[in-house]
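I have placed the structure first, in the form of structure tokens, so that the comments after it can refer back to it.
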2 protein chains.
Amino acid sequence: MTFIDELKFNEQGLIPAIVQDESNNAVLMMAWMDKEAVRRTLETGRATYWSRSRKKYWVKGETSGHTQEVRSVRIDCDADVLLIRVEQTGAACHEGYRSCFFRAVSPDGKTAVSDQTRLINPETVYGKKS
Amino acid sequence: MTFIDELKFNEQGLIPAIVQDESNNAVLMMAWMDKEAVRRTLETGRATYWSRSRKKYWVKGETSGHTQEVRSVRIDCDADVLLIRVEQTGAACHEGYRSCFFRAVSPDGKTAVSDQTRLINPETVYGKKS
């Protein structure tokens, strides 16, 4: 029995993976993995997710070049969440920010506005949205 | 329209909340919130979750005293994940560790073992499991 057998996947066979920047502990993103994505991530050392919208595996950076080299994998007490610590190249966020969490909620709780710098123009990486 | 109206809840009306330690950026846990839990968290400044197993609201620390004072709330690009930065008192994990992610997967991917120190004995906080 390996650690993968310990994991508790949800009704869709998925587990959330929180991705953390090895260099400064920033939380970069959250994505979903199925058992095969976990296996591929461990085997290749490249973060590999399951895209719920596109219904396919997705190696982070395969389009953008903004890869995530896995440095360590942790699991939580209930074995139903993964924490993946990575060496992130460039922007983790498809909107061109280092982290997907580039918006902070205002103290009055009314709005969420970006307080981060955009590293790249997404159109130059992913093409224009049609 | 406030930021809560922007959030995308899943089919169960829930959104994952990643909880990060304001003091050192460690990822402490992940829990789920519904719209009302988000509202209560913002209003009270105390992290409040929806327990899927107990089907009730759950103010972190109400049993253990290990409260989470909310310092900031962030949302991701897709508005379907929250990042809550907190001042954590004591142990975030019900197993007595500072973080729920106290287990690291071994380099061969086979096992996940604790590499963290237990802060408290859970039985002294939550009582013995019967």
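Readers should treat all values here as calculations from the given coordinates under stated rules, not as data from a laboratory. Everything numeric in this text was worked out from a predicted model, so none of it was measured. With ideal geometry, Cβ positions are generated from the backbone for all residues, glycine too; neighbour counts draw on all protein chains shown.
Taking Cα atoms only, the orientation of helix B:35-44 departs from the longest principal axis of chain B by about 80 degrees.
What whole-number distance in Å separates the alpha-carbon centres of the stretch A:81-117 and the stretch B:37-98? Between the Cα centre of the stretch A:81-117 and that of the stretch B:37-98, the gap is 19 Å.
Listed by Cβ neighbour count within 10 Å, with the fewest neighbours leading, B:SER72, A:SER99, B:SER23 appear as B:SER23, B:SER72, A:SER99. Using every pair of separate Cα atoms, the Kirkwood estimate puts the hydrodynamic radius of the protein assembly as shown at 18.9 angstrom.
Among A:ALA112, A:ALA17, A:ALA26, the largest mean-square fluctuation in a Gaussian network model of chain A, built with springs joining Cα atoms closer than 10 Å, belongs to A:ALA112. Comparing A:VAL59, A:VAL86, A:VAL105, which has the greatest mean-square fluctuation in the GNM of chain A with Cα pairs linked when under 10 Å apart? Taking springs between Cα atoms under 10 Å, the residue moving most is A:VAL105. By Cβ position, the chain B residue that hugs the axis carrying B onto A most closely, with its distance in whole Å, is B:ASN25, 2.
Pairwise Cα separations in chain B fall into 5 Å bins from 0 onward with the following percentages, short to long: 2, 10, 19, 21, 19, 14, 10, 4, 1, 0. Annotation: amide H of A:TYR97 within the under-5 Å range of A:LEU119, sequence separation 5 or more or interchain, hydrogens built in the peptide plane.
Within the listed set B:GLY109, B:GLY90, B:GLY45, the Gaussian network model of chain B (springs between alpha-carbon atoms below 10 Å) gives the highest mean-square fluctuation for B:GLY109. Straight Cα distances below 18 angstrom link B:LYS110 to the lysines A:LYS8, A:LYS35, with same-chain residues fewer than 8 positions distant left out. Look at A:THR48, B:THR63 and count the other Cβ atoms within 10 Å of each Cβ; fewest to most, that gives B:THR63, A:THR48. Per the Kirkwood treatment, what hydrodynamic radius in Å, one decimal, follows for the stretch B:53-130 from the mean inverse distance over all distinct Cα pairs? Kirkwood hydrodynamic radius for the stretch B:53-130: 14.8 Å. Each residue of the stretch A:104-118 was assigned a 3J(HN,Hα) from its phi angle through the Karplus expression (A = 6.51, B = -1.76, C = 1.60, θ = phi - 60°), giving 9, 6, 5, x, 7, x, 8, 10, 10, 10, 5, 10, 10, 8, 6 Hz with x at Gly and Pro.
The mean sequence distance of close C-alpha pairs (under 8 Å, at least 6 residues apart), as a share of the length of chain B, puts its relative contact order at 21 percent.
By the count of other C-beta atoms within 10 Å, a proxy for reagent exposure, A:GLU69, B:GLU11 are ordered fewest to most as B:GLU11, A:GLU69.
Full extension of the segment from B:GLU22 to B:LEU119, taken as 0.36 nm per residue of separation minus the current Cα-Cα distance, would add 33.1 nm.
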